[in-house]
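Below: the structure, in structure tokens.
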Amino acid sequence: MLLSAFHRRLRLATAALLVVGVGLAIFGLVGAADHRDRRAGAFAVAAVVLAVLVPVVLRGGRWVVGGAAIVLGGQWIAVVGTLVELLIGVGASKSADLRRIGVEPAMGVGINLAYSLVAGMLFVWFMIRLRAVWRRRAVSGDSRGADRVRPRCTP
């Protein structure tokens with residue numbers, strides 16, 4: 001059921017988001033390395049992990065779908081936190097970190113917000129597809145999970 005909801009186009013979109021993440025991590029790595037920042041290692045690890053996940057997401061698999069759903073859904077928390085950060089102002093230490101790697105703080109937080117919004121929308125797409133799969137199985141009488149679908153309430 002999860003695998004059919006995490007279809008090819010959704011896997012491709014998620015993989016594309018990961019590739020963008022690799023690019024952002026490499027950008028941060030270059031900026032941190034130019035300034036001999038100790039955080040360069042964190043950017044390198046992020047770039048490698050995201051790059052390794054691209055083919056894993058493209059192949060799919062039950063545990064991949066579950067993990068992707070958790071991570072993509074969790075991005076809505078990041079969206080709220082980032083919006084709050086933009087409204088009250090970027091903290092001094094984060095501003096200094098971003099400036100050190102050559103990024104204007106508000107722009108860096110804005111990029112983070114955009115990335116998290118795209119990830120959150122991928123989660124919404126997944127949930128819409130999952131609901132459609134549940135409904136199809138309930139209507140068709142498929143016993144694999146159909147008994148877990150709650151009946152629709154009518155007024």
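The values are calculated or read from the model by the stated rules, or taken from the named source; none is laboratory data. None of the values given here were measured: they were computed from a predicted structure. Ideal geometry is used to build each Cβ from the backbone, glycine not excepted, and the neighbour counts take in all protein chains shown.
At-a-glance table
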read-out: Given (1) within 30 Å of Leu10 (Cα to Cα); (2) among the β-branched types (Val, Ile, Thr); (3) crowded, with 17+ Cβ neighbours inside 10 Å, number of the condition Val103 does not satisfy; value: (1)
read-out: Number of positions in segment 40-51 that are at pLDDT below 95 and either acidic (Asp, Glu) or surrounded by fewer than 16 Cβ atoms within 10 Å (Cβ to Cβ) (or both); value: 2
read-out: Residue pairs meeting the criteria (Cβ under 6 Å; at least 6 apart or on separate chains; first over 24 Å from Leu18 (Cα atoms), in segment 88-116; second buried (at least 17 other Cβ atoms within 10 Å of the Cβ)); value: Val90/Pro105; Val90/Val109; Ser95/Pro105; Arg100/Asp37
read-out: Residue within segment 52-62 that is buried (at least 18 other Cβ atoms within 10 Å of the Cβ), more than 24 Å from Ser4 (Cβ to Cβ) and free of Cβ contacts under 8 Å to residues at least 12 places away in the same chain present; value: no
read-out: Qualifying residue in segment 16-31 (condition: out of contact with any Leu (no Cβ under 6 Å at 6 or more places or on another chain), part of a helix (DSSP H, G or I) and at pLDDT below 90); value: yes
read-out: Residue that is closer than 28 Å to Leu50 by Cα, buried (at least 17 other Cβ atoms within 10 Å of the Cβ), of a type in the set (A, V, I, L, M) and at pLDDT below 95, where the choices are Val90, Val79; value: Val90
read-out: Qualifying helices (runs of 4 or more DSSP H) (wholly inside segment 39-148; at least 3 residues being in contact with a Leu (Cβ under 7 Å, 6 or more places away or on another chain) and closer than 18 Å to Phe27 by Cα); value: 40-59, 105-140
read-out: Residue satisfying condition, being basic (Lys, Arg) and without any contact (Cβ under 8 Å) to a residue 12 or more places away in the chain, within set Arg36, Arg11; value: Arg36
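Matching residues to (1) over 15 Å from Val71 (Cα atoms); (2) among the aliphatic types (A, V, I, L, M):
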{"position": "Val19", "(1), (2)": "yes, yes"}
{"position": "Gly28", "(1), (2)": "yes, no"}
{"position": "Ala33", "(1), (2)": "yes, yes"}
{"position": "Arg38", "(1), (2)": "yes, no"}
{"position": "Phe43", "(1), (2)": "yes, no"}
{"position": "Ala46", "(1), (2)": "no, yes"}
{"position": "Pro55", "(1), (2)": "yes, no"}
{"position": "Gly61", "(1), (2)": "yes, no"}
